[in-house]
Amino acid sequence: MTKKMIDHFGITHFSCTVLNRIGRTNHYDSPQKVCLNGQFYSWYFFDYIRKVYIALENNRKAKPLMSFMHFNTGHEMTGTRMINMDAGMAKFFTDMALFPDTLTVIFSDHGHKMTPFSYTEEGRRELFDPVFFMIIPDSVKEKLGPERMGALVTNQKRIFMLYDVHNAFMSLHDSQNKDSNNHLVSGIFSEIPANRTCAHLYMLPLTRCKCEGFDEAIPVKDNADDHIWLAEFAVGYINDAIQKQYMDGNADAKNKYGYGNCQRLVGKSFEKIVKRFRGEYIFTTMDIRVVPPVGLAEDEVYRVSVKQFAKPRQGVFFLSSVRVTMYNKFASCVDKSVDIKLCLCAKEQTTDANKKEVFLHNGVPRKMFGSDTTVRDLDSNCLLFLRRNYGSFSFGLEVANVCPNRTYTFKLTGSMNQRIFSKSLPVGLELFPKTFHFLTSVYKYLSKVNDPLELKASVRIKKDGTNTFTNLGTFSVT
């Protein structure tokens, strides 16, 4: 708390008391109404802030206070809790306006995102319509002065981000810069240029710019053949992240390799694809549907964003992912070291028979995005080279060590002529027992090109009980 300059948590942990009474560990998803002693849960936070500032106003020796309250009570699927906040919030606004020396800022970090409407195309646009306004009593207005107040009025029609708000408040405590007219120094307390666009701002990859004509998107049909390699890359990236998080958190455990309860994602389809050209890059976002764990019927959905070069160049960059479907239902089975936003797991013990529809006996997925997995045995049914072909334009590659008693080193080499590899060759890995690794996905951007790839895998093995690797040779895996 000291390092973060926090003096007090207020009633933050009051949430635990309330939620414990209804048998919950968090307030996400349900129930639709959370009450205590005849008051909505959110009312207590409004009331607490009110009482704190009344106490400050009545104490002449009190020092200035900077407080921050983050309301999460609206994270519920029907929108009922948001309505429950209305009366309490309206009273809170009028009450705060009565404190003559208090500047109140009310803002949201995003727009509508929880109800079924938010999953529609129109609803997704509302996600990027946050609210921001300030309550400025006359006394505070006088202290800010006419130039700052004029800038605030002007900036109501300008595009800004919270970093500009941060700069504004920090400038008040900076003797050298507090009167600066440079918006890069004093943020929203100076006029922001009228020609500012999203290109001037740091924005998360999945963010949609609301400036007219700036962020023109190119829609792509669902499951487009020329985008499967990007979907395969995104699923492979997330799978590698799940495995790494599990292994990093279980270094001392008996079953420290591979995957725990959180299973590998198996892509079913992808949709709502949008491409945007920005400078030398192409940004692509899409919703990827994956096979749900045993016991659940509805697909799990991840919205991902990737970046590639606009001109044919090697490499694809994974930017971000957002879990579209609710992940709180996996709280009882998620591995402790794995981010629950990535995890999907079976809440009850499952038999091998339940898994056979999706995976082979050795854990290899039967299909990915409708394409069969071709398995090449490189050593004793332990080291497996996996390939999925998507028409004549693209394919995906993985490698797996499905045995518990050996470790491999693996190096993939070959030609990359006239093709784009999401991961450039060579790719080198150390394959611990029971691990799977995404290698690369490949896209042929010239249909008439058929230059041989000459893919080769160089392999070494180290069995349990030995400290040295033995060379197994080089295999053609084209």
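One residue stands out among those in the range 71-98 that are in a loop (DSSP other than H, G, I, E, B) and in contact with a Ser or Thr (Cβ under 9 Å, 6 or more places away or on another chain): the one that is modelled with the highest pLDDT, which is Ala97.
Taking residues in the range 412-439 that are within 18 Å of Gln308 (Cβ to Cβ), and partners anywhere that are charged (D, E, K, R) and modelled with pLDDT of 95 or more, the pairs with Cβ atoms closer than 9 Å and at least 6 places apart or on different chains are Ser422/Glu232; Val427/Lys411; Phe438/Glu232; Phe438/Asp240; Phe438/Glu398; Phe438/Lys423; Leu439/Glu398; Leu439/Lys423. Restrict the check to the range 352-372 and report whether at least one residue is modelled with pLDDT of 95 or more, surrounded by 14 or more Cβ atoms within 10 Å (Cβ to Cβ) and among the hydroxyl-bearing types (Ser, Thr, Tyr). Looking through the range 352-372, at least one residue is modelled with pLDDT of 95 or more, surrounded by 14 or more Cβ atoms within 10 Å (Cβ to Cβ) and among the hydroxyl-bearing types (Ser, Thr, Tyr).
Within the range 118-150, the only residue that satisfies the criterion of being at pLDDT below 85 and in contact with an Asp or Glu (Cβ under 8 Å, 6 or more places away or on another chain) is Ser118. Only one of the numbered conditions (1) free of Cβ contacts under 8 Å to residues at least 40 places away in the same chain; (2) exposed (fewer than 14 other Cβ atoms within 10 Å of the Cβ) is violated by Tyr445, and that is (1). Residue count for the range 128-139 under the criterion of being within 22 Å of Phe160 (Cα to Cα) and touching a residue at least 24 places away in the same chain (Cβ under 8 Å): the result is 8. Taking into account only those residues within the range 1-32 that are assigned to a loop (DSSP other than H, G, I, E, B) and in contact (Cβ under 8 Å) with a residue 60 or more places away in the chain, which is surrounded by the fewest Cβ atoms within 10 Å (Cβ to Cβ)? Among those residues, the one meeting the criterion is Thr25.
Yes or no, residue by residue, for (1) touching a helix residue (DSSP H, G or I) at 6+ places or on another chain (Cβ under 7 Å); (2) modelled with pLDDT of 95 or more:
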site: Gln245; (1), (2): no, yes
site: Asp252; (1), (2): no, no
site: Gly260; (1), (2): yes, no
site: Val266; (1), (2): no, yes
site: Glu280; (1), (2): no, no
site: Ile288; (1), (2): yes, yes
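For the residues Ala87, Ala62, the requirement of being out of contact with any Leu (no Cβ under 6 Å at 6 or more places or on another chain), surrounded by fewer than 16 Cβ atoms within 10 Å (Cβ to Cβ) and among the small types (Gly, Ala, Ser) singles out Ala87. Applying a threshold of 9 Å to beta carbon distances and a minimum spacing of six or more residues, or different chains, the list of pairs starting in the range 463-478 at a residue that is at positive phi and ending at one that is not basic (Lys, Arg) reads Gly465/Asn405; Gly473/Ser458; Gly473/Val459.
Looking at the range 387-395, can you tell me whether even one residue there is in contact with a Phe, Trp or Tyr (Cβ under 8 Å, 6 or more places away or on another chain), of a type in the set (Phe, Trp, Tyr) and modelled with pLDDT under 95? Reasoning before the result, please.
So the first thing to find is which residues in the range 387-395 are in contact with a Phe, Trp or Tyr (Cβ under 8 Å, 6 or more places away or on another chain), and the list is 387-390, 393-395.
Of the ones still in play, those that are also of a type in the set (Phe, Trp, Tyr) are 390, 393, 395.
When the remaining residues are screened for being modelled with pLDDT under 95, the result is 390, 393.
Within the range 387-395 (the criterion being in contact with a Phe, Trp or Tyr (Cβ under 8 Å, 6 or more places away or on another chain), of a type in the set (Phe, Trp, Tyr) and modelled with pLDDT under 95), the answer is yes, since at least one residue qualifies.
Selection within the range 118-141: residues that are part of a helix (DSSP H, G or I) and out of contact with any helix residue (DSSP H, G or I) (no Cβ under 9 Å at 6 or more places or on another chain). The member of this set that is surrounded by the most Cβ atoms within 10 Å (Cβ to Cβ) is Val140. Pairs are defined by a Cβ separation below 8 Å, a sequence spacing of at least 6 or placement on different chains, a first member in the range 73-90 that is under 18 Å from Ser118 (Cβ atoms), and a second member that is among the charged types (D, E, K, R) and part of a strand (DSSP E or B); the pairs so defined are His75/Asp29; Glu76/Asp29; Met77/Asp29; Met82/Glu76. Is there a residue being among the polar types (S, T, N, Q) and on the phi > 0 side of the Ramachandran plot anywhere in the range 50-62? Looking for residues that are among the polar types (S, T, N, Q) and on the phi > 0 side of the Ramachandran plot, one finds none in the range 50-62, hence no. On the stretch given as the range 297-315, residues that are out of contact with any Lys or Arg (no Cβ under 7 Å at 6 or more places or on another chain) and either surrounded by 15 or more Cβ atoms within 10 Å (Cβ to Cβ) or outside the structural domain of Lys347 (by the TED database) (or both) total 8.
Any residue at all in the range 194-217 that is part of a loop (DSSP other than H, G, I, E, B), small (Gly, Ala, Ser), in contact (Cβ under 8 Å) with a residue 12 or more places away in the chain and within 30 Å of Gly391 (Cα to Cα)?
Within the range 194-217, the subset part of a loop (DSSP other than H, G, I, E, B) is 194-197, 201-217.
Next cut, small (Gly, Ala, Ser) only: 194, 213, 217.
Add one more test, that the residue is in contact (Cβ under 8 Å) with a residue 12 or more places away in the chain, and what stays is 194, 217.
Cutting the leftovers down to within 30 Å of Gly391 (Cα to Cα) gives us 217.
Checked the range 194-217: at least one residue is part of a loop (DSSP other than H, G, I, E, B), small (Gly, Ala, Ser), in contact (Cβ under 8 Å) with a residue 12 or more places away in the chain and within 30 Å of Gly391 (Cα to Cα).
The values are calculated or read from the model by the stated rules, or taken from the named source; none is laboratory data. Everything quoted here is computed from the prediction, not taken from an experiment. FYI the Cβ positions are ideal-geometry reconstructions off the backbone, even for glycines, and counts take in every protein chain you see.
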